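Please treat every number below as a calculation from the coordinates, not as lab data. As the structure is a prediction and not an experimental result, all values here were calculated from the model.
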Amino acid sequence: MARRSLDGLVAFLVSCFRYFPPEEALRYLRAARADLRAAVRLVESDRCVQAFRVDSGSCAGAAPFAGDRW
C-alpha cells in the first residue's frame, strides 16, 4: 500500500511538471517529507514556475488519488 501511495505522489508530480524525471520527483518528495503540497511549492520555488493553482478544482479532485489531503 505504501509503495502504491508513493507511486501516486511521484506520478502526480511528473504529470504536473513537464519533463520532470521520477527520480527528481522522489528527491522533492523526500525533502518535503512526502507532503505533496510542500513538494509542489519546492519545485515551483526552485524552478521559478507555477504548474497549477493548488486550490484549483482539478488539483483538489486529483489529490485524494495521490494520497494527500488538501
On full extension of the chain, what length is gained from Leu6 through Ser45, given 0.36 nm per residue of separation minus the C-alpha to C-alpha distance? 11.8 nm
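Find how much the distance from Ser15 to Arg37 grows on full extension, using 0.36 nm per residue of separation minus their present alpha carbon separation; answer in nm with one decimal.
6.5 nm
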Please give the direction-averaged projected area of the C-alpha convex hull for the range 1-41, in square nanometres with one decimal. 2.5
